[in-house]
Amino acid sequence: MSKYVMVIDQRRCIGCMACIVACKAENDVPEEHFRTRVIQEVEGEFPKLRMELRSELCNHCDNPPCVYNCPTGASYKDKENGMVLLKKNRCVGCKACIASCPYDARYIDPRHGYADKCTFCSHRVAKGKEPACVQTCIGRSRIFGDIEDPESEVSLLLREHHHEVLKPAAGTEPNVYYINRILKG
């Protein structure tokens with residue numbers, strides 16, 4: 001059984017936003033919404049400043065509050081690959097998933113009324129392709145793969161580099177890992 005994760009190597013992100021454009025084009029995301037975004041944060045005091053470009057998306061958590069709080073079963077965790085996905089025809093747009101997600105990773109699609117989010121481009125992965133954001137990343141900042149495969153690129157990177165997840169105290173067990181993230185005091 002596979003377990004797909006994403007590693008974001010922040011040393012390689014140049015902030016070109018091609019990942020966002022590729023995601024919107026691939027998934028027909030409405031103009032005013034995002035399945036992925038790049039946050040820019042600057043910390044420190046002049047002249048000792050550090051800027052972080054942090055890609056954010058659904059964390060496809062192992063302990064997903066969006067799934068547990070969905071009253072219709074529209075949000076679910078795929079047992080075959082670990083992705084958190086959505087049965088759009090079951091979603092009633094109640095926003096329980098949006099309220100429960102600590103990563104602000106969902107939005108209501110105004111055209112259809114369901115709560116949409118990153119799916120790791122599950123339709124592409126099913127065909128043996130990478131998610132659109134990974135394929136288009138010119139800096140190779142985004143790496144996608146099966147963490148259950150000890151020889152996969154994601155497994156090797158996570159073994160070789162210090163990494164963190166967003167909001168570990170939330171207890172969601174996220175599956176998006178960051179290399180070279182600014183450590184919060």
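In this structure, does E148 turn out to be closer than 19 Å to L53 by Cα, over 13 Å from the mean Cα position of the chain (by Cα) and charged (D, E, K, R)? Please lay out each step first, then the result.
Numbers: closer than 19 Å to L53 by Cα: no; over 13 Å from the mean Cα position of the chain (by Cα): yes; charged (D, E, K, R): yes.
Spelling it out, it is not the case that E148 is closer than 19 Å to L53 by Cα, over 13 Å from the mean Cα position of the chain (by Cα) and charged (D, E, K, R).
Looking at E52, E41 in this structure, which one is open to solvent by less than 50 Å² (accessible area, probe 1.4 Å), in contact (Cβ under 8 Å) with a residue 40 or more places away in the chain and in a strand (DSSP E or B)? Spell out the reasoning first.
Details: E41 fails: open to solvent by less than 50 Å² (accessible area, probe 1.4 Å).
Among E52, E41, only E52 is open to solvent by less than 50 Å² (accessible area, probe 1.4 Å), in contact (Cβ under 8 Å) with a residue 40 or more places away in the chain and in a strand (DSSP E or B).
Looking only at region 71-109, count how many residues are under 19 Å from E56 (Cβ atoms), of a type outside the set (S, T, Y) and not in a loop (DSSP other than H, G, I, E, B).
7
Which members of region 4-33 meet the condition of being surrounded by fewer than 18 Cβ atoms within 10 Å (Cβ to Cβ) and outside any helix (DSSP H, G or I)?
Q10, R11, R12, I14, G15, C16, M17, D28, P30, E31, E32, H33, listed by residue number.
On the given criteria, is C66 in contact (Cβ under 8 Å) with a residue 40 or more places away in the chain, under 22 Å from D28 (Cβ atoms) and buried (at least 18 other Cβ atoms within 10 Å of the Cβ)?
Yes, satisfied.
Could you list, in sequence order, the residues of region 118-135 that are within 15 Å of the chain's Cα centre (by Cα) and at negative phi?
Residues satisfying the conditions are C118, T119, S122, V125, E130, P131, A132, C133, V134, Q135.
Can you go through K77, K95 and tell me which one is under 15 Å from the mean Cα position of the chain (by Cα), open to solvent by 30 Å² or more (accessible area, probe 1.4 Å) and not hydroxyl-bearing (S, T, Y)? Please lay out each step first, then the result.
Numbers: K95 fails: under 15 Å from the mean Cα position of the chain (by Cα).
Exactly one of K77, K95 is under 15 Å from the mean Cα position of the chain (by Cα), open to solvent by 30 Å² or more (accessible area, probe 1.4 Å) and not hydroxyl-bearing (S, T, Y), namely K77.
Farther than 17 Å from C23 by Cβ and either at pLDDT below 95 or under 13 Å from the mean Cα position of the chain (by Cα) (or both): is that true of P110 in this structure?
The answer is no for P110.
Give me the residue from region 131-153 that is more than 15 Å from R11 (Cβ to Cβ) and in contact with an Asp or Glu (Cβ under 7 Å, 6 or more places away or on another chain) and, out of that set, surrounded by the fewest Cβ atoms within 10 Å (Cβ to Cβ).
That would be S152.
Being modelled with pLDDT of 95 or more and open to solvent by 40 Å² or more (accessible area, probe 1.4 Å) narrows it down to one of K88, K117, so name that one.
Checking each option against the conditions leaves just K88.
Tell me yes or no: at least one residue of region 48-61 is over 23 Å from C16 (Cβ atoms) and either within 13 Å of the chain's Cα centre (by Cα) or of a type in the set (S, T, N, Q) (or both).
For region 48-61, residues over 23 Å from C16 (Cβ atoms) and either within 13 Å of the chain's Cα centre (by Cα) or of a type in the set (S, T, N, Q) (or both): present.
Exactly one condition in (1) over 23 Å from A18 (Cβ atoms); (2) in contact (Cβ under 8 Å) with a residue 24 or more places away in the chain; (3) among the small types (G, A, S) is false for A169; which is it?
Failed condition: (2).
The values are calculated or read from the model by the stated rules, or taken from the named source; none is laboratory data. Source: prediction; values computed, not measured. Ideal geometry is used to build each Cβ from the backbone, glycine not excepted, and the neighbour counts take in all protein chains shown. Note: accessible area is taken over every heavy atom of the protein model, side chains too, but ligands, DNA and RNA are not part of it. Shrake-Rupley method; radii C 1.70, N 1.55, O 1.52, S 1.80 Å.
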